[in-house]
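**Q** Just passing along the structure, written as structure tokens.
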Amino acid sequence: MQFYSFLSEFVLIIGIWINYISADAPIFTSAHGLTLLSSVQLNNELYEIYLTSKEVRGMQKVRVLVPRDYATSGANRRYPVLYLLHGAFGGVTDWTMGGSAQSVTSNTSLITVMPNGDSFGFYTNWINPGDVAPQNWRTYHMEQLVPWIDANFRTIAKKEGRAIGGLSMGAFGAIRYAQQYPTNFVYTVGFSGPLDLLNPHVQQVILNLPNNGIPHLGPFGSPNQPLGSSGWFAQDPITHASSLRGLGIALYTGNADTLELLLRDTNYRLRDTLTSLNIPVYFNDYGNGQSIGNGCDGGHTWPCWTASLIDVLPRIMAILQQQY
């Protein structure tokens with residue numbers, strides 16, 4: 001009898017312990033125009049979630065990193081959110097597999113959201129989606145995913161609790177989303193971004209992206225349109241630089257390969273425009289990478305973007321609010 005009594009007490013204790021550690025684990029639901037298909041917890045901190053939206057084609061993966069104490073910190077504990085956007089040719093797994101986002105953020109009280117932006121979606125509502133419609137990436141990310149994250153995780157659901165960053169194409173997205181939705185974010189950072197859409201060389205790089213042998217006109221249309229009706233002008237970060245007033249801004253660039261040198265020029269142009277408008281910006285031209293370390297060689301490469309994330313994260317955390 002003593003054995004069975006001990007066994008019953010042991011099972012009860014284990015049950016209480018399991019309930020304790022999982023009491024505040026996220027339970028995902030459909031909301032804000034997004035339909036939940038399924039989810040999987042890849043490790044203690046990393047979730048992969050599968051959603052659908054009427055704004056973009058197909059199943060959409062989202063990876064979310066939560067702080068180590070998320071499941072045990074209590075219902076009143078809320079965390080700020082960093083959105084990290086991938087680059088062209090990339091996808092939802094990039095920041096955790098190529099960019100070491102989990103190890104970089106593991107000691108911070110921060111939720112990190114890494115959505116799919118398609119290989120060449122450019123974080124905008126496409127002008128010419130054609131037979132791949134719908135391609136409304138801006139609407140999906142900013143008007144559906146952001147409130148969905150707030151509804152399904154214990155976030156600080158206001159501007160002071162959100163930052164956004166991205167690499168290359170994702171850097172363009174991070175800057176443009178902050179310009180178009182300045183009440184969503186308190187900080188924005190771009191790593192090696194194409195930040196001057198009116199630069200003919202940048203236009204050629206985008207137009208020549210893989211697209212079944214034809215120019216990639218979907219996101220911005222033709223660059224030959226008059227400025228008044230040009231998607232390139234309408235989405236140009238430099239044209240809308242004044243919209244960043246009041247936000248924390250950081251720009252990172254190197255100089256070690258042809259693509260990075262081209263994008264470096266566009267980062268300098270945005271920096272100079274912001275400076276002329278008396279808008280503060282933290283600017284880091286790490287050149288050949290020695291000044292930023294982490295194996296960065298100054299090129300358009302993951303070691304440089306990881307090093308940039310390591311460098312900027314304390315600046316972001318100093319601004320983001322916490323709620324205990």
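The values are calculated or read from the model by the stated rules, or taken from the named source; none is laboratory data. Computed from a prediction, not measured in an experiment: that's the story for all the values here. Note: ideal-geometry Cβ built from the backbone for every residue, glycine included; neighbour counts use all protein chains shown. These area figures cover heavy atoms from the full protein model, side chains too; ligands, DNA and RNA do not enter into them. Shrake-Rupley method; radii C 1.70, N 1.55, O 1.52, S 1.80 Å.
**Q** Would you pick out the residues in the stretch 227-256 that are small (Gly, Ala, Ser), open to solvent by less than 30 Å² (accessible area, probe 1.4 Å) and under 20 Å from the mean Cα position of the chain (by Cα)?
**A** ALA241, GLY248, ALA250
**Q** Further question on the same structure: Take the stretch 314-323 and flag every residue that is surrounded by fewer than 21 Cβ atoms within 10 Å (Cβ to Cβ) and either at pLDDT below 95 or not small (Gly, Ala, Ser) (or both).
**A** PRO314, ARG315, MET317, ILE319, GLN321, GLN322, GLN323
**Q** Looking for whichever is within 20 Å of HIS86 (Cβ to Cβ), out of contact with any strand residue (DSSP E or B) (no Cβ under 8 Å at 6 or more places or on another chain), free of Cβ contacts under 8 Å to residues at least 60 places away in the same chain and not aliphatic (A, V, I, L, M) here; the options are PRO223, PRO303, PRO215. Which one fits?
**A** Being within 20 Å of HIS86 (Cβ to Cβ), out of contact with any strand residue (DSSP E or B) (no Cβ under 8 Å at 6 or more places or on another chain), free of Cβ contacts under 8 Å to residues at least 60 places away in the same chain and not aliphatic (A, V, I, L, M) holds for just one of PRO223, PRO303, PRO215, which is PRO303.
**Q** Does PRO219 fit the bill of being under 16 Å from HIS240 (Cα atoms), assigned to a loop (DSSP other than H, G, I, E, B) and within 22 Å of the chain's Cα centre (by Cα)?
**A** No; evaluated as a whole, the condition is false for this residue.
**Q** Against the condition surrounded by 16 or more Cβ atoms within 10 Å (Cβ to Cβ), within 23 Å of ALA163 (Cβ to Cβ) and in contact with a Pro (Cβ under 6 Å, 6 or more places away or on another chain), how does LEU263 come out, does it pass?
**A** Details: surrounded by 16 or more Cβ atoms within 10 Å (Cβ to Cβ): yes; within 23 Å of ALA163 (Cβ to Cβ): yes; in contact with a Pro (Cβ under 6 Å, 6 or more places away or on another chain): yes.
Against the criterion (surrounded by 16 or more Cβ atoms within 10 Å (Cβ to Cβ), within 23 Å of ALA163 (Cβ to Cβ) and in contact with a Pro (Cβ under 6 Å, 6 or more places away or on another chain)), LEU263 qualifies.
**Q** Restricting the stretch 104-138 to residues that are in a helix (DSSP H, G or I) and surrounded by fewer than 18 Cβ atoms within 10 Å (Cβ to Cβ), which is nearest to the chain's Cα centre (by Cα)? Break it down into steps so the answer makes sense when it comes.
**A** Narrowing the stretch 104-138 to residues in a helix (DSSP H, G or I): 104-105, 130-132, 137-138.
Filter once more, so that each one left must be surrounded by fewer than 18 Cβ atoms within 10 Å (Cβ to Cβ): 130-132.
Numbers: GLY130: 26, ASP131: 27, VAL132: 23 Å.
Residue satisfying both the conditions and the ranking: VAL132.
**Q** Hey, can you tell me all the residues within the stretch 68-79 that are surrounded by 15 or more Cβ atoms within 10 Å (Cβ to Cβ) and among the small types (Gly, Ala, Ser)? Please lay out each step first, then the result.
**A** To start, the set of residues in the stretch 68-79 that are surrounded by 15 or more Cβ atoms within 10 Å (Cβ to Cβ) comprises 70-71, 73, 77-79.
The answer is ALA71, SER73.
**Q** While we're here: Name the pairs: first residue in the stretch 143-161 and over 18 Å from LYS54 (Cβ atoms), second residue open to solvent by 10 Å² or more (accessible area, probe 1.4 Å) and among the acidic types (Asp, Glu), Cβ to Cβ under 7 Å, at least 6 apart or on different chains?
**A** Within 7 Å, the pairs are ALA157/ASP150.
**Q** Give me the pairs: first residue in the stretch 108-130 and among the aromatic types (Phe, Trp, Tyr), second residue in a strand (DSSP E or B), beta-carbon distance under 8 Å, and six or more apart or on different chains, which are they?
**A** What qualifies is TYR123/LEU85; TYR123/GLY166; TRP126/GLN135; TRP126/ASN136.
**Q** Does TYR70 meet the test of being under 21 Å from ALA163 (Cβ atoms), assigned to a strand (DSSP E or B) and among the hydroxyl-bearing types (Ser, Thr, Tyr)?
**A** So TYR70 fails the test.
**Q** I need the full set of residues from the stretch 151-190 which are assigned to a loop (DSSP other than H, G, I, E, B) and surrounded by fewer than 24 Cβ atoms within 10 Å (Cβ to Cβ), in order please.
**A** PHE153, ARG154, ILE156, ALA157, LYS158, SER168, TYR181, PRO182, THR183, ASN184, VAL186
**Q** Got a sec? Which of ASN288, ASN284, ASN224, ASN278 is open to solvent by 60 Å² or more (accessible area, probe 1.4 Å), within 22 Å of GLY98 (Cα to Cα) and either modelled with pLDDT of 95 or more or not in a helix (DSSP H, G or I) (or both)? Steps first, please.
**A** On the way: ASN284 fails: open to solvent by 60 Å² or more (accessible area, probe 1.4 Å); ASN224 fails: within 22 Å of GLY98 (Cα to Cα); ASN278 fails: within 22 Å of GLY98 (Cα to Cα).
The conditions single out ASN288.
**Q** At pLDDT 90 or above, surrounded by 18 or more Cβ atoms within 10 Å (Cβ to Cβ), within 30 Å of ASP131 (Cα to Cα) and within 18 Å of the chain's Cα centre (by Cα): which single residue out of LEU82, LEU65, LEU51 fits that description? Let's see the steps before the verdict.
**A** On the way: LEU82 fails: within 30 Å of ASP131 (Cα to Cα); LEU65 fails: within 30 Å of ASP131 (Cα to Cα).
From the options LEU82, LEU65, LEU51, the qualifying one is LEU51.
**Q** Return yes when GLY87 is open to solvent by less than 10 Å² (accessible area, probe 1.4 Å) and in contact with a Phe, Trp or Tyr (Cβ under 8 Å, 6 or more places away or on another chain) and no when it is not.
**A** no
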